[in-house]
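See structure below.
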Amino acid sequence: MREEIFLLDKPGKVELVTPFEKEGEEVVIMGVVRAEMAGEYEVNVVSDHKVGNSYGKVKIRGIAKNGARVKVTGTIKIDEGAQGVDDFLEMKLLVLDEKSSAVAEPRLEIEANEVKASHAATVGMIDEEELFYLMVRGICRESAEKMIVEGFLGEVGGTI
């Protein structure tokens, strides 16, 4: 199994196209977007299955604060004749203040008919109940928020 890893921690763009050209190929793509300063952060990830019987997984976690604008686009592309592909695309983004924004756009382009391909995308804010839970245990709001963010990013970022 091959892993592809990226970190976007300053305004800019990450463009990652992963071609699957051999049957039996397995690729896991993991990425973190730490948009902690104002600016545009853009990620475009493509899993391009040219042959069948391949496995892919994309996991992206991101945060936006201090006026950052994050856009994450992910595409699973399966060519005609690439039967037996199994791929999953997951993008989760947290917006940490009112000045920032985030957009997650998953896409599936499937031309084969015997495949498993799905996606999940969420954009949200930290749950106030999670903050409250930590704060009633003596953790200040700032530290509680930091713990939640690090845990959220750690799902992917532990390897980055």
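Observations on the model:
- Condition check for residue 151 on (1) farther than 16 Å from residue 18 by Cβ; (2) in contact (Cβ under 8 Å) with a residue 12 or more places away in the chain: one failure, at (2).
- Long-range neighbours under 6 Å by Cβ, at least six apart or interchain, first residue in contact (Cβ under 8 Å) with a residue 12 or more places away in the chain within region 100-129, second among the polar types (S, T, N, Q): 105/73; 107/75; 112/83; 114/83
- Taken over region 94-111, the criterion of being within 14 Å of residue 73 (Cα to Cα) and surrounded by 15 or more Cβ atoms within 10 Å (Cβ to Cβ) is satisfied by 102, 103, 104, 106, 108.
- For region 53-68, the count of residues that are in contact with a strand residue (DSSP E or B) (Cβ under 9 Å, 6 or more places away or on another chain), of a type in the set (S, T, N, Q), under 21 Å from residue 117 (Cβ atoms) and not in a loop (DSSP other than H, G, I, E, B) is zero.
- Residue ID - farthest from residue 73 (Cα to Cα), chosen from residues in region 14-35 that are buried (at least 16 other Cβ atoms within 10 Å of the Cβ) and among the charged types (D, E, K, R): 25
We did not get these values from a lab; they are worked out from the coordinates using the rules stated. Predicted, not measured: the structure shown is a model, and the values here were computed from it. Because the Cβ atoms are built from the backbone with ideal geometry, glycine has one as well, and the counts that use them run over all protein chains shown.
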